[in-house]
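Derivation of every value follows stated rules applied to the coordinates shown; laboratory data play no part. These numbers come from a predicted model, not from an experiment. Please note: Cβ atoms are built from the backbone with ideal geometry, for glycine as well, and neighbour counts cover all protein chains shown.
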Amino acid sequence: MAIAVKLDDLLHDRRMTLTELADRIGITLANLSILKTGKARAVRFSTLDAICKALACQPGDILRFEPDEAP
Amino acid sequence: MSHSYSAALPVAHIVLKFLVVLNWLSGAAILALLVVMPHEQWIMAEFGLSPSPEAERLVMGLRAIAVVGLATIPLNHALLKRLLAIVGTVRAGDPFVAANANRLQAIAWALLALQLLSLVVGAIADAISTPAHPLHFDAGFSINGWLAVLLTFVLARVFAEGGLMREDLERTV
């Protein structure tokens, strides 16, 4: 997947744990882990909205396009 | 609606289990007919025939139909067992899985094979039936049967797509 999730870096910068974020935005820790580990197939706008509000960031700070290396 | 579903599924489960047993019993009966009672005289006596080339043809035809009937037993078994598994997943509340799409695909192929065997039985029955000894088998071409084959293939595809959508939904955050 060429879309990388930078949630770990953001959480580290904000000195916040994944559990705290899950509590703040009302999303289960399991679902947030799926997002953090890049296993998610899709992200709802409502989820992005909640994360951006909680971490005071832009969607582009969470998601980044990293092209796959040519084989 | 949910009440009718909750009642229908246990009933379907029991009926399918009963049909699995009935299918094997039918197979045993056909096998007994072929192996234990193969005597032409017995068959001729049952049909009130006197020894003649026509009577021999009739006996051969009936034996061929019995062999085809025997071939339908494993097909029926494969079909019923997969249907039973699908009912199980519906009862568990998780029917849109890739396994069910594969099961429906296998059921569709089994139905197709059964329709082809039905054509064979119909053809044999037509070949050995005479005005003196007419044979009426519930076999041959059936528009409903072929529609069921088509419908099951389409349904298998629908389940495959449904399974993919379900998987996407599960991994949507």
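Below is a table of values for the structure above.
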| read-out | value |
| --- | --- |
| Proximal lysines to A:K6, defined as alpha-carbon separation beneath 28 angstrom and excluding residues fewer than eight positions away on the same chain | A:K36, A:K39, A:K53 |
| Chain B, relative contact order [Cα under 8 Å, separation at least 6], % | 24 |
| Net dipole in debye of the range B:2-170 [+1 Lys, Arg Cβ; -1 Asp, Glu Cβ; about Cα centre; nearest 20] | 320 |
| Residues A:L18 and B:N102, FRET efficiency given R0 of 51 Å [Cβ-Cβ distance, rounded to 0.05] | 0.90 |
| At R0 = 51 Å, FRET efficiency that the Cβ-Cβ distance of B:Q41 and B:S6 yields, to 0.05 | 0.35 |
| Using alpha-carbon coordinates, inclination of helix B:98-128 to the longest axis of chain B, degrees | 20 |
| Dipole of the range A:3-65, positive end: most advanced residue of A:A50, A:T19, A:A30 [Cβ charges, Cα centre] | A:A30 |
| Cα gyration tensor shape for chain A, rounded if a/c is under 1.5, else prolate or oblate | prolate |
| Residue-count net charge about A:R64 - beta-carbon cut-off 15 Å; Lys, Arg +1, Asp, Glu -1 | -4 |
| Summed residue charge, Cβ within 13 Å of B:I124's Cβ, Lys/Arg positive, Asp/Glu negative | +1 |
| Spin-label pair A:L63/B:D138, simplified geometry with 7 Å Cα→Cβ offset, distance in nm | 5.7 |
| For chain B, calculated [θ]222 nm from helices alone, where every DSSP H run of n ≥ 4 adds -39500 (n - 2.57) | -29000 deg cm²/dmol |
| Whole-angstrom gap from the range B:44-121 to the range A:1-63, using each part's C-alpha centre | 55 |
| On Cα atoms only, tilt of B:2-35 relative to the major axis of chain B in degrees | 30 |
| Efficiency of FRET between B:H13 and A:D9 - r from beta-carbon atoms, R0 51 angstrom, step 0.05 | 0.45 |
| Full-stretch length increase - B:L169, B:L116 - with 0.36 nm per residue and alpha-carbon distance subtracted | 15.1 nm |
